[in-house]
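Trainee: One structure follows; several queries about it will come next.
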Amino acid sequence: MKKTILITLLTFTLSVSAQEVAPLTLKDAITFALENKAEAKKAKLEVENSEYKIQEVRSRALPQISANGSMTYNPILQLNALPGDFFGAPGTTILAPLGQEWNSIAGVSLSQTLFDQSVFTGLKAAKSTREFYQINAQLTEEQVIERVANAYYQVYVQQQKLIVVDNNLKNTNKVKDIIKGQFDNGLAKKIDYDRITVRVNNINSLRQQILNAISLQENALKFYMGMPMENKIIIPNTAFEVTPQDLSTTADVTGRTEYLLLKKQEQLLMYQKKAVQAAYYPTLSLTGSYNYIGQGPEMPLFAKPADGVYWSDFASIGLSLRVPLFTGFGTRAKVRQANNALSSLKVDLDDTKLALDLAFDNAKKQLENSLITIKNQKENAQLAQEVFNNTNNNYTQGLAALTDLLDAENAMVEAQNNYTNAILEYKLAEIQFIKSKGELKTLTNK
């Protein structure tokens, strides 16, 4: 009775524990990665930072206001040579000090750009920079999705191999029990029992290797997801469903994120060239200031005219015009560098388009070949299973040798693993095909 209760409690505990870990679908894995992976977070921060860059450039077109103040003590006043006429001594020159020992100035200055071609170009470039980081964030998300999907299927294939090994171990142990009984009754040779024991030990060793591989692949998946290593994951068996893609479709690679990113870089280089050319244009600014000055023989702060300290204000308003005439051909050299950078980027655009076209065609061919391989390996796995079942029956009835049974078992396991690997190759090729169409984000809907 106590044993029954203990088993019931243990079963309930294991059931509750299993329920605590929900199956992790590919959609869930990708969604988690886009919210938690470092690259995705940093890409979002870069988009946010682009807004601050726009504000920084916009500030150049707004008034620049600053407050200033200074206090100066002149222990030795400069002597100035003045005509003696001012002092009632015509025909002479008198050295007289000008100014006060203490001077204090406080004021406000303003500067407003009226015309500066580089500021206008910078505002346009800043908006394009925001779009650049948005496209870059999208590319980063696609890279995260691709890595997570690949790692997800790698975990699944190892789990399927574990199922094959477990079934193989189960069948081999049954054969071992049969041979053990025959050996005990003198109907089997010891060498047969030793061979089947070695076989069981090898399968156990292989099973441990697969368990280690599963653990490593799960850790890789967690890393690509940005998930803590201590978290448990369970992948449902539906993860490897083969859904044939429509291979008759064509893809416009100019809509791929990689291509759009280069086009946006081209636009930014155009603005950079215009910003350099802005050095040929004049600049015009409005300036203004208002100041209050205090002078006297002692520190002006809190002093009054009775102390010999006098305060007065003054103001100024002006226009500042700068017309570039000759820069030593420096601006021309910068413009030519910008043209060279644009030409180089156009080469990259052509090469990228060619590479994307190649990736699309290769992905289609890989999918076609993978479907054929899956069909063949599925038939092989079914045939190998039938051969094993017949050989196993024959061995049980004494009509087949142990060697034949072990060979049939090896062939069955190999065929089943080949079938699993074929499906994996298809799923990996499917990811590349979806990527080549620029539709990786559709995986978040599956």
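Trainee: How big is D, in µm² s⁻¹, for the stretch 27-71 by Stokes-Einstein at 25 °C and 0.890 mPa s if Rh is the Kirkwood radius over C-alpha pairs?
Mentor: Working: Rh = 13.9 Å.
Approximately 176 µm²/s, per Stokes-Einstein.
Trainee: Shifting gears a bit: Taking Cα atoms, how many degrees apart are the long axis of helix 117-184 and the longest axis of the chain, rounded to 10 and kept between 0 and 90?
Mentor: 20
Trainee: Using a 1.4 angstrom probe on the protein heavy atoms only, could you order E218, E46 from most to least accessible area? Working shown, then result.
Mentor: Numbers: E218 40, E46 70 Å².
Most to least solvent-accessible, the answer reads E46, E218.
Trainee: Sort the following peptides by mean Cβ neighbour count (other Cβ atoms within 10 Å, averaged over residues), highest first: 87-94, 36-43.
Mentor: 36-43, 87-94
Trainee: Cβ neighbours within 10 Å, averaged per peptide: list 298-304, 254-260 in order, most packed at the top.
Mentor: Working: 298-304: 13.6, 254-260: 17.1.
Result, highest mean Cβ count within 10 Å first: 254-260, 298-304.
Trainee: Roughly how big is the chain's charge dipole about its Cα centre, with Cβ charges of +1 (Lys, Arg) and -1 (Asp, Glu), in debye to the nearest 20? Display every interim value, and only then the final one.
Mentor: On the way: 47 positive and 45 negative charges, 81 e Å.
For the chain, the charge dipole is close to 380 debye.
Trainee: I want to verify the translational diffusion coefficient of the stretch 16-165 in µm²/s; compute it with Stokes-Einstein, Rh as the Kirkwood radius over Cα pairs, at 10 °C and 1.306 mPa s.
Mentor: Numbers: Rh = 23.4 Å.
Once the numbers are plugged in, D ends up at 68 µm²/s.
Trainee: Heavy atoms only, probe 1.4 Å: what % of the accessible area of the stretch 136-273 goes to carbon and sulfur, would you let me know? The partial results should precede the final answer.
Mentor: Numbers: 3620 of 7180 Å².
The C+S portion of the solvent-accessible surface of the stretch 136-273 is 50 percent.
Trainee: Now, a different point. Assign unit charges at the C-beta atoms only (+1 for Lys and Arg, -1 for Asp and Glu), then state the dipole size of the stretch 296-446 relative to its Cα centre in Debye, rounded to the nearest 20.
Mentor: Values: 16 positive and 18 negative charges, 218 e Å.
Result for the stretch 296-446 is approximately 1040 debye, rounded to the nearest 20.
Trainee: Could you tell me which residue out of N103, F132, I431 lies farthest along the dipole of the chain toward its positive end? Charges go on the beta carbon: Lys and Arg +1, Asp and Glu -1, centred on the Cα centre.
Mentor: Most positive-ward Cα: I431.
Trainee: Also, I was wondering about something else. Rolling a 1.4 Å sphere over the protein heavy atoms, what is the accessible area per residue of the stretch 308-368, to the nearest Å²? Before the final figure, lay out each step's value.
Mentor: Numbers: 4340 Å² over 61 residues.
For the stretch 308-368, the per-residue accessible area is 71 Å².
Trainee: If you count only protein heavy atoms with a 1.4 Å probe, what accessible area per residue comes out for the stretch 88-187, rounded to a whole Å²? All intermediate terms of the calculation are to be shown ahead of the outcome.
Mentor: On the way: 4780 Å² over 100 residues.
Here the residues of the stretch 88-187 average 48 Å² of exposed surface.
Trainee: Let me ask something else about it. Taking the chain as a Gaussian network, Cα atoms linked when under 10 Å apart, which of E386, E266, E35 shows the biggest mean-square fluctuation?
Mentor: E386
Trainee: Using packing as a proxy for protection, rank 139-145, 341-347 so that the peptide with the highest average count of other Cβ atoms within 10 Å comes first.
Mentor: Details: 139-145: 20.7, 341-347: 12.9.
Taking the mean over residues of other Cβ atoms within 10 Å, the ranking is 139-145, 341-347.
Trainee: Would you list which lysines come within 20 Å of K364, measuring only between C-alpha atoms, while excluding same-chain residues fewer than 8 positions from it?
Mentor: Within the straight-line cut-off, K364 pairs with K353, K375, K427, K435, K437, K441.
Trainee: Just the number, please: carbon plus sulfur as a percent of the accessible area of the stretch 327-433, 1.4 Å probe, no ligands or DNA/RNA counted. Walk me through the intermediate numbers first.
Mentor: Numbers: 2880 of 5930 Å².
Carbon-and-sulfur percentage of accessible area, whole number: 49.
Trainee: As I understand it, the value is the acute angle between the Cα axis of helix 190-225 and the longest principal axis of the Cα atoms of the chain; what does it come to in degrees, rounded to 10?
Mentor: Between the helix axis and the principal axis of the chain, the angle is about 20 degrees.
Trainee: Using only Cα atoms and rounding to the nearest 10 degrees, what angle (0 to 90) does helix 257-277 make with the longest principal axis of the chain?
Mentor: 10
Trainee: I need the semi-axes of the equivalent ellipsoid of the chain: take the C-alpha gyration tensor, multiply each eigenvalue by 5, square-root it, list largest first in whole angstrom. Intermediate results must be reported in sequence, preceding the final value.
Mentor: Numbers: eigenvalues 1446, 186, 60 Å².
Listed largest to smallest, the semi-axes of the chain are 85, 30, 17 Å.
Trainee: If I take every Cα pair under 8 Å that is 6 or more residues apart in the chain, average their sequence separation and divide by the length, what percent do I get for the relative contact order?
Mentor: Details: 559 pairs, mean separation 101.5, N = 446.
Reported as a whole number, the value is 23 percent.
The values are calculated or read from the model by the stated rules, or taken from the named source; none is laboratory data. This structure is a prediction, so every number in the text was calculated from the model and none was measured. Using ideal geometry, Cβ is built from the backbone for each residue, glycine included, and neighbour counts are taken over all protein chains shown. With ligands, DNA and RNA removed, areas are computed over all heavy atoms of the protein, side chains included. Shrake-Rupley method; radii C 1.70, N 1.55, O 1.52, S 1.80 Å.
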